[in-house]
Amino acid sequence: MNTDHFFTTGQLHVSRGEPCEDYALSGAFDTDTVYGAVSDGCSGMEAHTDVGARAICFAFQKALRPRSREPLQAFGPAFFPALKGEFQANHISSDRQDYFASLVGFVANPREAAIYLFGSGAYVLRYADGRHKVVWFEWDGNAPFYLNYCLHEDLYREYVGDIQKGIDDPAHEHFIVFRVAEDGRIRVLESGSLRHEFDSLEQGHVACFRPVDEGIEAMAVITDGIFKMGQVQAPEVVRELLTFEERRGGFVKRRLTQVLEAFAQQGSLPRDDLGIACVWFGAE
């Protein structure tokens, strides 16, 4: 079992001389438990949300550490207040707009794994039989509920007030399942979406898995840059990102560098920032 991460700046931010507003990190709490997290700072704030993206990833790491030994229980009721506390403690800027950032993270061992999502973002499961499942969250009006709202009563009341003014079930959970055939082509097996009411996501969304029992050989959390890779469709992006030729050391960094160079040669540059953290459960 190995874990690694990678993040890169999209062309829109490069052209404007702006920093990458996505961030990613990963590591191990012990020999049997790993973690990873990605965050997407909100460009719409026109603030230093790269600061918020880093802050929320490290807050996730700190809040998770004492709860990591049992992944299926890690994101129980005590996790959310711990995450809020660590996030606020990580503030280094006085501008609260700097801290509007999404979060998708995981804690895992080969037996148990859990993903925690707050706001928008995506995760991917790669199965040993060639299937991939991509799950991503979107919000009505492109207005995710950020953890930062929970730190400021006025922002929280304003956001919840907008929800109560007529937007029912504002979050959409989309998914697609596809298989990579022997000839390398992608065959979509299933797709769909679910709507979530606000109350069910107010303290984050949790998804639990048993990697060995379910035949999951890789799990990745990814920012929405996978949907903005030039002309390349998301399933093809996912397939390429998770086709690791070797799974030791910086395996995600090596693969992502190769894939982005190949896409660039085809004229498909990342339009938006991209962040990914991945754990490999399969054979080395």
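Taking the 0 to 90 degree range and rounding to the nearest ten, how far is the long axis of helix 153-164 tilted relative to the main principal axis of the chain, both from C-alpha atoms? Between the helix axis and the principal axis of the chain, the angle is about 70 degrees. Taken one residue at a time, the phi angles of the stretch 217-224 give Karplus couplings (6.51, -1.76, 1.60, θ = phi - 60°) of 9, 8, 9, 9, 10, 9, 7, 6 Hz. Gly and Pro are set to x. The C-alpha radius of gyration of the stretch 130-284, expressed as a fraction of 2.2 N^0.38 Å, stands at 1.21.
Among Leu189, Leu256, Leu72, the ranking by other beta carbons within 10 Å of each residue's beta carbon, starting with the fewest, stands as Leu189, Leu72, Leu256. GNM on the chain, alpha-carbon springs under 10 angstrom: the most fluctuating residue among Val124, Val237, Val221 is Val237. Here the gap between Leu189 and Ala262, fully extended at 0.36 nm per residue and compared with their Cα-Cα distance, gives a gain of 23.6 nm. In the stretch 117-215, the C-alpha radius of gyration followed by the widest Cα-Cα span (Dmax) gives 16.9, 55 angstrom. Once every Cα of the stretch 113-163 carries one equal point scatterer and solvent is ignored, give the base-10 log of I(q)/I(0) from the Debye formula at q = 0.16, 0.18, 0.23 Å⁻¹, two decimals. Results for the stretch 113-163 at q = 0.16, 0.18, 0.23 Å⁻¹ read -0.60, -0.69, -0.90.
Could you tell me how many degrees, from 0 to 90 and to the nearest 10, lie between the Cα long axis of helix 251-265 and the main elongation axis, the longest principal axis, of the Cα atoms of the chain? Here the helix axis deviates by roughly 80 degrees.
Per-residue counts of other Cβ atoms within 10 Å, averaged by peptide: what ranking do you get for 225-232, 179-186, 149-156, highest first?
Details: 225-232: 19.0, 179-186: 10.9, 149-156: 14.6.
Highest mean packing first, the order is 225-232, 149-156, 179-186.
Taking other Cβ within 10 Å of each residue's Cβ, how do Asp162, Asp4, Asp199, Asp98 sort, fewest first?
Numbers: Asp162 14, Asp4 25, Asp199 9, Asp98 22.
Fewest-to-most ranking of Asp162, Asp4, Asp199, Asp98: Asp199, Asp162, Asp98, Asp4.
Projected area of the stretch 1-66, taken from the Cα convex hull and averaged over every viewing direction, in nm²? Don't skip to the answer; put the middle values down first.
Details: hull surface 19.7 nm².
Over all viewing directions, the stretch 1-66 projects a mean Cα-hull area of 4.9 nm².
Ranking Phe80, Trp139, Asn109 by how far each Cα lies toward the positive end of the dipole of the stretch 60-157 (charges on Cβ) leaves Asn109 at the top. Computed with the Debye formula from one identical point scatterer per Cα of the chain, without solvent, the log10 of I(q)/I(0) at q = 0.11, 0.12, 0.15, 0.16 Å⁻¹ comes to -0.60, -0.72, -1.16, -1.33. In terms of surrounding Cβ atoms within a 10 Å radius of their Cβ, Ile222, Ile163 rank from fewest to most as Ile163, Ile222. When the Debye formula is applied to the Cα atoms of the stretch 177-230, each taken as the same point scatterer, what base-10 log of I(q)/I(0) results at q = 0.18 Å⁻¹? Log10 of I(q)/I(0), two decimals: -1.09. Considering only alpha-carbon pairs that sit under 8 angstrom and 6 or more positions apart, the relative contact order computed for the chain is 26 percent. To the nearest ten degrees, helix 49-64 and the longest principal axis of the Cα atoms of the chain are 80 degrees apart.
Where a number appears in this text, it was derived from the coordinates with a stated rule and is not lab data. Predicted model only: the values in this text are computed from it and were never measured. When we count neighbours, we look across all protein chains shown, and the Cβ atoms used for this are built from the backbone with ideal geometry, even at glycine.
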